[in-house]
Amino acid sequence: MSPYEPINPLDFRNVMSHFPTGVTVVTGAPEGRPAGMTIGSFFSVSLDPPLVGLCAGKGSTSWPLIEPAGCFTVNFLGADQANLSDHFASSAADKFDGIGYRAGITGSPILDGAVAHIDCETDRIVDAGDHHIVIGRVVELGVDRDDGADGEPLLFFRRTYGTFAARS
Ligand SMILES: Cc1cc2nc3c(=O)[nH]c(=O)nc-3n(C[C@H](O)[C@H](O)[C@H](O)COP(=O)(O)O)c2cc1C
């Protein structure tokens, strides 16, 4: 039994919104059927072996479509892809209708216009409250847009999209 008062979920969300993140779309295509969802909780885990992680909500309808593939791709969205972020954060029936992509080596979609991609095999899935912590072992990766301003990332801070500004 914790001696501390329960945390108000609204306070938790509000404080967490002050921590800026990049924006990714995590994709997979079990049996050739592409699925994807917007994920901000992406993080680097280990260099040797190369591992990355993300948190997928248990209420997501897309994660159960991606998971059976046993592999997934993390697409880093560019500054001009806020619409794509909103699209993949929706519960649209076929999120890939009209979306340009190519298949990576695991078969997971690499989205046109993404700044970079990281293709993974699922290493393990850890149960954590109302989310799954998904750890992926990196099998292929690349920067797809590093041509100056075109390679700028999409950021998310206080529930608003933004872009990166270097200090000098
Ligand atoms: C900027 C942004 C970041 C998000 N980050 C996450 C995240 O880290 N984990 C998660 O489960 N959902 C996250 N979401 C919400 C999911 O994208 C959304 O709930 C989900 O894709 C709904 O569609 P689904 O039912 O098809 O899964 C984020 C949404 C946005 C707009």
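The numbers here are math on the coordinates, done by the rules we state, and not lab data. Since the model is a prediction, treat every value here as computed from it, not as a measurement. Cβ placement follows ideal geometry from the backbone for every residue including glycine, while neighbour counts extend to all protein chains displayed.
List the relative contact order of region 1-69 as a percent without decimals, with contacts defined as Cα pairs under 8 Å and 6+ residues apart.
Averaging sequence separation for qualifying contacts and normalising by length gives 27 percent for region 1-69.
Whole percent per 10 Å bin, from 0 to the bin with the longest distance: what is P(r) over all C-alpha pairs of region 69-168?
14, 37, 40, 9, 0
Can you sort Met1, Met37 so the residue with the fewest Cβ neighbours within 10 Å comes first?
Neighbour counts put them in this order, fewest first: Met1, Met37.
Stokes-Einstein diffusion coefficient for the chain at 10 °C in a medium of 1.306 mPa s, Rh from the Kirkwood formula over Cα pairs: what value in µm²/s?
95
When Ile133, Ile7, Ile118 are ordered from fewest to most other Cβ atoms inside 10 Å of their Cβ, what list results?
By the 10 Å Cβ count, ascending: Ile7, Ile133, Ile118.
P(r) tail for region 2-43, what percent of Cα pairs lie past 15 Å?
63
If you place +1 on the Cβ of every Lys and Arg and -1 on the Cβ of every Asp and Glu, how big does the dipole about the Cα centre of region 1-159 come out, in debye to the nearest 20?
360
For each of Leu111, Leu141, count neighbouring Cβ atoms within 10 Å of the residue's Cβ, then give the residues from fewest to most. Write out the running numbers ahead of the final one.
On the way: Leu111 24, Leu141 15.
The most exposed by this proxy come first: Leu141, Leu111.
Using only Cα atoms, what is the ratio of the radius of gyration of region 69-108 to 2.2 N^0.38 Å?
Rg over 2.2 N^0.38 Å, computed on Cα atoms: 1.26.
If you average the sequence gap of Cα pairs under 8 Å that are 6 or more apart and divide by the length of region 16-158, what percent do you get for the contact order?
31
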